[in-house]
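The values are calculated or read from the model by the stated rules, or taken from the named source; none is laboratory data. The shown structure was predicted, so the numbers you read here are calculated from the model rather than taken from an experiment. Note: ideal-geometry Cβ built from the backbone for every residue, glycine included; neighbour counts use all protein chains shown.
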Amino acid sequence: MRPFIAFSVLLAWPLAEIAGFVVVGRALGLWWTLGLVIGTGLLGAFMMRQQGLHLLKKLSEQSQQGQIPASSVIDGAMIVVAGILLLLPGFVTDIIGIALFIPFVRRLLWSAIGKRVVVVGPRGSRGGFSHPSGGARENPNATGKVVDLDEEDFHRNSDPNPSSPWSKGIDRDP
């Protein structure tokens, strides 16, 4: 069923864009329509730059405070998608792209899909950013012994192909 839905969307999307061009072209004329398409592309590039710089600052602040900046990363991903949609020619993609630049819409979209996402950080996994469900895992095969080798304690006894260029620089017995 899902491949059929994906195929239907991929087929309907260009048709919707063509219909959008026809409707806007009839209402505004050719030159205004082309200007609008070029303008939204430039707007997308500008907004990605502006929002991206703000996002980098926010990510840096959260990282310095020791927080996992997962929501900022999601915001950033949605901003990138919004910018790409604005760069693509078409009015349907422009409407979706402009909507994704609005923080409220991004939060609403994330509340709808965020429950299905698991974020893994340095302290384990966090299902939907709430309660830690992971943590440090122990290796059942670990013996607790650590083997510390110095350079002179470790060497390769044989090289299957000494003329290979991949083996140059590998320590060999003289």
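Quick notes on this structure:
- Close pairs from the stretch 24-37: first free of Cβ contacts under 8 Å to residues at least 60 places away in the same chain, partner of a type in the set (Asp, Glu) and assigned to a helix (DSSP H, G or I), Cβ under 9 Å, at least 6 apart: 36/94; 37/94
- The one condition in (1) loosely packed, with under 14 Cβ neighbours inside 10 Å; (2) farther than 27 Å from residue 106 by Cβ that residue 6 fails to fulfil: (2)
- Residue within the stretch 69-86 that is at pLDDT below 85 and over 14 Å from residue 106 (Cβ atoms) present: yes
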